Amino acid sequence: MIFSYINHDHKPRLIIIFAGWSMDARPLRHLSHPDCDVAVIYDYTDTGLNLPADILDYSEISVMAWSFGVVPAALFITGHPALPITVKTAINGTHYPVDDTRGIPEAIFQGTSANLSEETLTKFYRRMCGSSTAYREWEINKPERRDINALADELRAIASLPHIDEREVLWDRVIISESDRIIPTANQLRAWSGHHGIQFVTGSHLPDFQWIINSTITDKPLVADRFRRAAGSYDENASVQRHAAARLASLWSATSGSTDIESLLEIGAGTGLFTREYLRRIRPKQLTLWDLAKIPAELPGTHRICDAETAIMDMPSGCMDAIVSASTIQWFNSPATFMRHCHRVLKPGGTLALSTFGPENFKELGPTPSSALQYLSCESWLNILPQGFEPLNISEESITLTFGSPEELLRHISLTGVNATGNRHPLTAVRSILKSGLRTLTYRPVYIIARKS
C-alpha cells in the first residue's frame, strides 16, 4: 500500500482516505478541512505500509474507506490500536469485496479480472461516475496510468485479503449511494444489515468526498470559538440545556445509590450548568473538569482545556468512579469510540451519565447536510453501548421553544453557541429561516445512565 499526503500543513488532526481499486491520490487532491491534514492510501497489491514518522504527531485521525478500500482500512484500524483513530466511515464498500449477495458478484469480478484492458477500464470508470458529465469532470484528475497487468494483480490481491468482522472495527457511519453500479446497492444493504449508522445519498459509486468530510468531521476549533463567544450569554439563554442538566443530575442521583464518590470526570463543563446541578446531590473527593474552551475559575476541581474525545485515550484504565457530560458529545466525531474509552477508564461499578440530543433535534430546520453533529436515537445508543455496561436509563424527551419572530430564534442560536448549520458560512441557512418565518425550535434531549459491571 502507498501512503500519500495531499494536504500536509502540519495541522493537529489527520484524515486518511483509503481509495478504491485502480486509484491514486490525484482524484482526491482537491480535498481539505480547516483543522486537518489529508492523506490517501491506495494500491492494495501489497498490504505492507510504511507510515510517515510524523503520523504520531496527530492528536486525532479520521479514517474514510471507499469501495474496495474498506477491507484494507479494516486491517489498518485493527492493526494499529495505538493510533488515535476516532471516526471511521465506510463508503460504498463492504467487508465482502467479492460476494454474490454482499459485494461484487463473483462472475462480474472474475470477468473484469480476466478481460481487463484499457477499454474495459474506461468502461469501469464511466460506470463508477454514473454519467457522462460526471466522468468528464472526474477525467481531469483521473489516476496516473498504471500497467493493466498490475491493476489485475491488485484486483486479485484485494479478493484474497483476510476477512475482518465489522464489529471489530466499530464503523461509525456507512454511506451507501442509491445508484451504485459497481457494488450493487442491495448487496451493500445486506452486508450492513443492522448497522445503526447507515446513510443513503444520491449519486453513483463515486461519492462527493468533500461533502462527506464536511458532514462527518467536526471543526473543533470552530465549535470552541462559538461557545467561547457565547459564554457570557449562555446561562441566560440556554433554557433547554439547563433543563437537561437538571434532569440528568436527577436521573444520575436516583440510580447512583450513593452521594459520596472518590473520583469524577466531567466532560464539556462549559459555564458550569451541569456542574452546579450534580454538586447539589453528589460529593466527589476528586473532581476534574474538561472543556474545549476556558472553564470559569469559580468552578471547583482541576480544570483542563482539551479535546476530551482524544484526551480520554491517554487516561489509565480503571481510574475513575464516574464520567459525566451534559449536552456535549453530539459534537464528537465518534461517540462509539468515546464510549469504549469511557468503559476502559471507569472502575468496576463506575457510572457513565450523559445527556445529548436525538434525531429530529431542530427538526424545523430540515436536513443540515454540512453538519457533522451526531444525533443518535435511544436504540442506536443501546447498540453502541460497549459490552460490560449495564444500561440503567436510556430515555428521551421533546421540548419546543416558541419565539416572537425568526430574528429571535436566530438570536437564541447565536447566544447559546448552538449553530445548527455546523458550517463556517451559515448565511444560506439564516436566509432560509428568515424567509420561512420560522418561530419554533424543537430540542430532543437524550439521557444515558450506565454502570460498568
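The values are calculated or read from the model by the stated rules, or taken from the named source; none is laboratory data. Since the model is a prediction, treat every value here as computed from it, not as a measurement. Cβ coordinates were reconstructed from backbone atoms using ideal geometry, including for glycine residues, and neighbour counts include every protein chain displayed. With ligands, DNA and RNA removed, areas are computed over all heavy atoms of the protein, side chains included. Shrake-Rupley method; radii C 1.70, N 1.55, O 1.52, S 1.80 Å.
Of everything listed in (1) under 24 Å from the mean Cα position of the chain (by Cα); (2) part of a helix (DSSP H, G or I); (3) closer than 29 Å to I413 by Cα, the single unmet condition for L265 is (2).
Residue check, L382 against (1) open to solvent by 30 Å² or more (accessible area, probe 1.4 Å); (2) within 30 Å of C319 (Cβ to Cβ); (3) at pLDDT 95 or above, all met but one. Which one? Answer for L382: the failing condition is (3).
Can you pull out the residues in region 252-264 that are open to solvent by 10 Å² or more (accessible area, probe 1.4 Å) and either under 21 Å from W331 (Cβ atoms) or in contact with a helix residue (DSSP H, G or I) (Cβ under 8 Å, 6 or more places away or on another chain) (or both)? It would help to see each step written out before you state the result.
If we filter region 252-264 for residues that are open to solvent by 10 Å² or more (accessible area, probe 1.4 Å), which is where we start, we get 253-262.
Within region 252-264, S253, T259 qualify.
State the number of residues belonging to region 286-312 that are open to solvent by 40 Å² or more (accessible area, probe 1.4 Å) and modelled with pLDDT of 95 or more. Spell out the reasoning first.
Applying the first criterion (open to solvent by 40 Å² or more (accessible area, probe 1.4 Å)) to region 286-312 yields 286, 292, 294, 297-298, 300-305.
Next, from what is left, pick out any that are modelled with pLDDT of 95 or more: 286, 297-298, 300-305.
Of the residues in region 286-312, 9 are open to solvent by 40 Å² or more (accessible area, probe 1.4 Å) and modelled with pLDDT of 95 or more.
Those strands (runs of 3 or more DSSP E) of region 311-410 in which at least 3 residues are within 28 Å of R281 (Cα to Cα), considering only elements entirely within it, cover 320-326, 346-357, 389-396. Which members of region 47-67 meet the condition of being within 21 Å of the chain's Cα centre (by Cα) and either among the small types (G, A, S) or closer than 13 Å to G93 by Cβ (or both)? Those that are within 21 Å of the chain's Cα centre (by Cα) and either among the small types (G, A, S) or closer than 13 Å to G93 by Cβ (or both): S59, S62, V63, M64, A65, W66, S67.
Within region 327-351, residues that are farther than 23 Å from V240 by Cα have Cβ atoms under 6 Å from residues that are surrounded by fewer than 20 Cβ atoms within 10 Å (Cβ to Cβ) and small (G, A, S) in these pairs: H343/G388; R344/S317; K347/G318, counting only partners at least 6 apart in sequence or on another chain.
Among the listed residues V70, V98, V63, which satisfies the condition of being closer than 30 Å to I140 by Cα, open to solvent by 10 Å² or more (accessible area, probe 1.4 Å) and modelled with pLDDT of 95 or more?
Details: V70 fails: open to solvent by 10 Å² or more (accessible area, probe 1.4 Å); V63 fails: open to solvent by 10 Å² or more (accessible area, probe 1.4 Å).
Criteria check complete, one pass: V98.
Scanning region 265-285 for residues that are open to solvent by 10 Å² or more (accessible area, probe 1.4 Å) and of a type in the set (S, T, N, Q) returns a single hit, T271. Scanning region 223-249 for residues that are more than 15 Å from S327 (Cα to Cα) and over 26 Å from the mean Cα position of the chain (by Cα) turns up G232, S233, E236.
The listed residues are A249, A231, A245, and the only one of them that is open to solvent by 20 Å² or more (accessible area, probe 1.4 Å), part of a helix (DSSP H, G or I) and touching a residue at least 12 places away in the same chain (Cβ under 8 Å) turns out to be A231.
Checked against the criterion of being more than 21 Å from the chain's Cα centre (by Cα), modelled with pLDDT of 95 or more and open to solvent by less than 20 Å² (accessible area, probe 1.4 Å), the candidates L352, L346 yield just one match: L346.
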